[in-house]
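K.L.:
My questions all concern the structure below.
What follows draws every value from the coordinates through simple rules; no lab data is involved. Keep in mind that this is a model prediction, so the values were computed, not measured. Positions of Cβ are backbone-derived with ideal geometry, glycine not excepted, and every protein chain shown enters the neighbour counts.
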């Protein structure tokens, strides 16, 4: 199994963490977004959206962190992270959509604009990030996990860019339930760090 | 079953079309975004993101069109639209994520900015919409459907805002494979129209 991966990508971190939780070995192919590796023709042939992560698992080729998580959890022994029962699966799916739109376009971009110098409107991104944190806080103020009252792909999908958002100027102390949830994720067996997250070397 | 619905919403259209394909009756609750109904406290209690659609099916309450589609297809007799096999499910999921991010933030917003007068940067939205159409064209130039070589939630999720994008100034004649795919969707049993789509009254 081969993961096209960038160390500083939260979307890639979701996959590295899930692979760790599943106990799966894999080979890393480094796609350094700072060097525009994602626009190399070999990589664009794998993902015309020129985004990481991409997973190559024999005859399965997938882009998109949500899709890769669904595939890995259900192939390698943790289907309960994205369970069969339609109402439960859909409840998790709501948060996968939230991770793909609101978390990515708010919490990921508020950080990317700083650390990758994207030249976007930081005030607008801060508002979008703040709105996403409000939604997470609304759920987590009286629940330990985003969906189904247990750890699922919902949490894995929303965690990295939330926990990394301090690099974009967000102060999670203003969202205490979100902050406590981050600590819960970080205490799970199989948690892996990355630069900007607890435990990074 | 109750659908909180806005006639002009492409995200709602996905659900109306799927319910038609499944032969399911439902009650409509009109949430008129032009009148800011989505900010009424009763609706915000159902969906703190104040977006349509929302589905209430007894003890199941769901926001988000992708999640609602997953629930309906797998509950009411068309699980093949989002199939069990992990690699197939994940392949469809890639396009659900694409519908939630690139299609929504490009093709939906380029139209919303015109018809709902959002005051956003139309040139930037046109570029995002064009990029999304390029990705669809790339797939559809040598495939009839977005995923698995048959109609799935991938197509349903990406169809409405693509076919409605002429209301945002996009000329689909420049993306002929996308245009042909729209006609294929519109010829399916259970297809329903809405203002701006073929067959609207």
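K.L.:
Taking beta carbons within 10 Å but only from partner chains, what does the mean come to for residues B:71-78?
P.N.:
Details: counts 9, 2, 2, 6, 5, 1, 0, 0.
Per-residue shielding by partner chains comes out at 3.
K.L.:
Any chance you could run the full-extension gain for residue B:201 through residue B:42? It's 0.36 nm times the residue separation minus the Cα-Cα distance, nm to one decimal. Write down the numbers at each step before the final one.
P.N.:
On the way: separation 159, 0.36 × 159 = 57.24 nm, distance 3.17 nm.
Stretched out fully, the residue B:201 to residue B:42 stretch lengthens by 54.1 nm.
K.L.:
Please compute the contact order of chain A in relative form: average sequence separation of alpha-carbon pairs under 8 Å and at least six residues apart, divided by the residue count, as a percent. Could the numbers behind the result be given before it?
P.N.:
Numbers: 291 pairs, mean separation 46.1, N = 201.
Rounded, it is 23 percent for chain A.
K.L.:
log10 I(q)/I(0), Debye, Cα-only the stretch B:26-84, no solvent, q = 0.12, 0.13, 0.29 Å⁻¹?
P.N.:
Log-scaled intensity ratios, in q order: -0.33, -0.39, -1.23.
K.L.:
What does the copy distance list look like for residue A:169, label position 7 Å along Cα→Cβ, in nm and ordered from shortest?
P.N.:
Those label-point separations list as 2.9 nm.
K.L.:
At 0.36 nm per residue, minus the direct Cα-Cα distance, what do residue B:122 and residue B:143 gain on full extension? Give it in nm, one decimal, please.
P.N.:
Values: separation 21, 0.36 × 21 = 7.56 nm, distance 3.07 nm.
The span from residue B:122 to residue B:143 would gain 4.5 nm if fully extended.
K.L.:
Classify the stretch A:37-117: rounded, prolate or oblate, from the alpha-carbon gyration tensor (a ≥ b ≥ c, eigenvalue square roots; a/c under 1.5 rounded; otherwise prolate if a/b is larger than b/c)? Numbers along the way, then the final one.
P.N.:
Details: a/c = 2.93, a/b = 1.27, b/c = 2.31.
Verdict is oblate for the stretch A:37-117.
K.L.:
Which whole number gives the average count of other chain Cβ atoms within 10 Å of the Cβ atoms across peptide B:48-54?
P.N.:
On the way: counts 4, 10, 0, 0, 0, 0, 0.
Counting other chains' Cβ atoms within 10 Å and averaging over B:48-54 gives 2.
K.L.:
I've got another one for you. Among DSSP beta bridges lying fully in the protein assembly as shown, give the percent that are antiparallel, nearest 5. Let's see the in-between values first.
P.N.:
Values: 14 of 22 bridges.
Just about 65 percent of them are antiparallel.
K.L.:
When you take every Cα atom in the protein assembly as shown, what is the radius of gyration, and what is Dmax, the widest Cα pair distance, in Å?
P.N.:
20.0, 63
K.L.:
Taking the Cβ-Cβ separation of residue A:187 and residue A:130 as r and a Förster radius of 35 Å, what is the calculated FRET efficiency to the nearest 0.05?
P.N.:
On the way: r = 26 Å, r/R0 = 0.74.
The value I calculate is 0.85.
K.L.:
Rank by packing, highest mean first: peptides B:73-81, A:19-27, with packing defined as the count of other Cβ atoms within 10 Å averaged across residues. It would help to have the intermediate numbers written out before the result.
P.N.:
On the way: B:73-81: 18.1, A:19-27: 14.6.
Result, highest mean Cβ count within 10 Å first: B:73-81, A:19-27.
K.L.:
State the dimensionless ratio Rg/Rh of chain B (Rg: radius of gyration of Cα atoms; Rh: Kirkwood radius). Before the final figure, lay out each step's value.
P.N.:
Details: Rg = 16.2 Å, Rh = 17.1 Å.
My calculation puts Rg/Rh at 0.94.
K.L.:
Taking the label point 7 Å from Cα in the Cβ direction, how far apart in nm is residue A:144 from each other copy of itself, listed shortest first?
P.N.:
The answer, with the shortest distance listed first, is 4.9 nm.
K.L.:
When you take every Cα atom in the stretch A:76-139, what is the radius of gyration, and what is Dmax, the widest Cα pair distance, in Å?
P.N.:
Here Rg and the maximum Cα pair distance are 15.0, 44 Å.
K.L.:
OK, next. Return the calculated 222 nm mean residue ellipticity for chain B, to the nearest 500 deg cm²/dmol, obtained by summing -39500 (n - 2.57) across DSSP H runs with n ≥ 4 and dividing by the residue count. Walk me through the numbers before you get to the answer.
P.N.:
Details: 8 runs with 91 residues, N = 201.
About -14000 deg cm²/dmol.
K.L.:
Across peptide A:95-108, what mean number of C-beta atoms from other chains lies inside 10 Å of a residue's C-beta? It would help to have the intermediate numbers written out before the result.
P.N.:
Numbers: counts 2, 8, 13, 5, 3, 10, 10, 3, 0, 4, 3, 0, 0, 0.
Mean shielding count: 4.
K.L.:
If you don't mind, another one. Just need the Rg to Rh number for the stretch A:113-152, please, alpha carbons only, Kirkwood Rh. Show your work: numbers first, answer last.
P.N.:
Values: Rg = 14.2 Å, Rh = 12.0 Å.
When Rh is taken as the Kirkwood radius, the ratio is 1.19.
K.L.:
Which percent of Cα pairs goes in each bin when the distances of the stretch B:82-186 are cut into 5 angstrom slices starting at zero?
P.N.:
Once binned at 5 Å, the Cα pair distances of the stretch B:82-186 give 2, 14, 25, 24, 17, 10, 5, 2, 0.
K.L.:
Okay, moving on. Defining the label point at 7 Å along Cα→Cβ, can you sort the distances from residue A:195 to the same site in each other copy, shortest first, in nm?
P.N.:
In nanometres, ordered from closest: 5.1.
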